[in-house]
Amino acid sequence: MAPDSQIVTGVDFVAVPTDDLDAAVEFYGTTLGLTRSVYMPERHFAEFETGTVTLSVMVAEKFGLGYHPNHNAIALHVEDVEAARAVLAERGVEFAGDTFDTGVCHMAFFSDPDGNALMLHHRYAPRVTES
């Protein structure tokens, strides 16, 4: 491998800890409406597709990991934060505060039933990247 070649080429999945797989499957599949691609309760996990990254919901303790909810929000892309927020609020999701406008994107913060931080996110201004 050349010294300047990129080693990491993508993100395959993000692990989302749970201590109640059934409740997590209901939330990610029904409440959020994500497509479930894998469901293996006997192996203590399920996977949901976002279109870009798989969310692998797993009973952390069954994998030898301590159960600790993630407090760093996973940004879930939506086309319209307010419209998506309204739908999720009707489905019982409680949001933490008002929708936040950073000047380049809108964000609305909430949590799954396990306390894992999530946000609805929509970038409305062009991304400025390093050269």
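Nonpolar atom fraction for the range 18-131, defined as the carbon and sulfur part of the 1.4 Å probe accessible area, stands at 51 percent.
Overall size of the range 58-131 from C-alpha positions, given as principal axis extents largest first: 42, 40, 18 Å. Decide, for the chain, between rounded, prolate and oblate: order the square roots of the alpha carbon gyration tensor eigenvalues as a ≥ b ≥ c, take rounded if a/c falls under 1.5, and otherwise choose prolate if a/b is larger than b/c, else oblate. Oblate shape, in that a/c is at least 1.5 and b/c is the bigger or equal ratio. Annotation: amide H-H contacts under 5 Å for residue 116 (H modelled 1.01 Å from N, sequence separation of 5 or more, or interchain): 70. Taking all protein chains into account, the per residue accessible area for the chain stands at 64 Å² (1.4 Å probe). Distant-in-sequence amide contacts of residue 38, defined by a placed amide H-H separation under 5 Å and a gap of 5 or more residues or a different chain, comprise 47.
The values are calculated or read from the model by the stated rules, or taken from the named source; none is laboratory data. Small disclaimer: the values here were computed from a predicted structure and weren't measured. Only protein heavy atoms, including side chains, enter the accessible area calculation; ligands, DNA and RNA are left aside. Shrake-Rupley method; radii C 1.70, N 1.55, O 1.52, S 1.80 Å.
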